[in-house]
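Asker: Sharing a structure here in structure tokens format.
The values are calculated or read from the model by the stated rules, or taken from the named source; none is laboratory data. Quick caveat: nothing in here was measured; it's all calculated off a predicted structure. A quick note on method: Cβ atoms are made from the backbone with ideal geometry, for glycine too, and the neighbour counts reach across all protein chains shown.
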Amino acid sequence: MAPNSSDTTAGADGSATQYNNLRADVLNISTGHTHSGSANEGKLVTGLATTVAFGSAVTRYLAISPGNFVPEQDTSDWSINSSRVQPGSNTAQLLCYAGIQLPNGAIVTSLKVNWTQAGHANQGSCSLYRYTPATNTNDAMATADSGATTTGIFTVEDTSISYATIDNTQYSYCIVLSLDAVDDATEINFNGLIITYTILAPLP
């Protein structure tokens, strides 16, 4: 592309037109220099890639509060606040959902769930799912249940992630939480979770 500006005679005063043409060469996104290194396009400038990427994978975290969860049924007995999800009855199983947003292309490496459990065991189940709208199907990606033996306040982590790469063009993602109070509603509490993932480029 021919430049907007042109050579002038040594010692001559610059005109407004010459100044504006020079300015267009520098700033105009349509007719200005591309700095590709070819004739009339300016010296080659490297490092102007359209996609910016990190030199290596960068770890990021998504924390999900108990307050993000919504019970499946209005009739279920439940109690939810900023620190815990708790069944509200000793007979009802509580099923809750929380939709989540992760960057497209992110790779999930861990699901870590915080529990409080007393008395009976195997009362809590927490799983990360991907949902396919086109087929109305769900795929389990990770599960971190409360387990059979641990009581008190503790953390369960699953690092064996299925379908780990996030693809927001085809799927949506959700946490499914199930709590069974068995004998007493205070015997099982969900206290939040952290999803660890890596990215290779800045967030969209």
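Asker: Please verify whether G192 is at positive phi, at pLDDT 95 or above and assigned by TED's automatic domain parsing to the domain that holds P71, treating the condition exactly as stated. Please lay out each step first, then the result.
Answerer: Values: at positive phi: yes; at pLDDT 95 or above: yes; assigned by TED's automatic domain parsing to the domain that holds P71: yes.
Yes, satisfied.
Asker: Another one. Which members of region 142-153 meet the condition of being at pLDDT below 95 and part of a strand (DSSP E or B)?
Answerer: Passing the criteria: G152, I153.
Asker: Separate question: Of everything in region 142-171, what is among the small types (G, A, S) and surrounded by 14 or more Cβ atoms within 10 Å (Cβ to Cβ)? Give them in sequence order. Don't jump to the end; show me each part of the working.
Answerer: Pass one, region 142-171, residues among the small types (G, A, S): 142, 144, 146-148, 152, 160, 162, 164.
Once the filter is applied, which keeps residues that are among the small types (G, A, S) and surrounded by 14 or more Cβ atoms within 10 Å (Cβ to Cβ), region 142-171 yields A142, A144, S146, G147, A164.
Asker: Which of (1) closer than 30 Å to I199 by Cα; (2) at pLDDT 70 or above; (3) part of a loop (DSSP other than H, G, I, E, B) is the odd one out, the single condition L48 does not satisfy?
Answerer: The one condition L48 does not meet is (2).
Asker: Quick one: would you say S160 is under 16 Å from I195 (Cβ atoms), assigned by TED's automatic domain parsing to the domain that holds G67, among the polar types (S, T, N, Q) and touching a Lys or Arg at 6+ places or on another chain (Cβ under 9 Å)?
Answerer: On the way: under 16 Å from I195 (Cβ atoms): yes; assigned by TED's automatic domain parsing to the domain that holds G67: yes; among the polar types (S, T, N, Q): yes; touching a Lys or Arg at 6+ places or on another chain (Cβ under 9 Å): no.
It is false that S160 is under 16 Å from I195 (Cβ atoms), assigned by TED's automatic domain parsing to the domain that holds G67, among the polar types (S, T, N, Q) and touching a Lys or Arg at 6+ places or on another chain (Cβ under 9 Å).
Asker: Kindly indicate whether any position in region 59-70 is under 20 Å from E187 (Cα atoms), part of a loop (DSSP other than H, G, I, E, B) and modelled with pLDDT of 85 or more.
Answerer: Yes, region 59-70 has at least one match.
Asker: Filtering region 74-84 down to residues that are among the small types (G, A, S) and assigned to a loop (DSSP other than H, G, I, E, B), which residue is modelled with the lowest pLDDT?
Answerer: Looking only at region 74-84, we keep the residues that are among the small types (G, A, S), and these are 76, 79, 82-83.
Filter once more, so that each one left must be assigned to a loop (DSSP other than H, G, I, E, B): 76, 82-83.
Numbers: S76: 67, S82: 91, S83: 93.
Among those residues, the one meeting the criterion is S76.
Asker: Go through (1) without any contact (Cβ under 8 Å) to a residue 40 or more places away in the chain; (2) of a type outside the set (A, V, I, L, M); (3) not in a strand (DSSP E or B) one by one and return the number of the condition D139 breaks.
Answerer: (3)
Asker: Same structure again: Within region 85-136, how many residues are in a loop (DSSP other than H, G, I, E, B), crowded, with 19+ Cβ neighbours inside 10 Å and at pLDDT below 95?
Answerer: 1
Asker: Here's a follow-up. Would you say D139 is at pLDDT 95 or above, among the acidic types (D, E) and either within 26 Å of D74 (Cβ to Cβ) or buried (at least 16 other Cβ atoms within 10 Å of the Cβ) (or both)? Steps first, answer last, please.
Answerer: Details: at pLDDT 95 or above: yes; among the acidic types (D, E): yes; either within 26 Å of D74 (Cβ to Cβ) or buried (at least 16 other Cβ atoms within 10 Å of the Cβ) (or both): no.
No: the conditions fail for D139.
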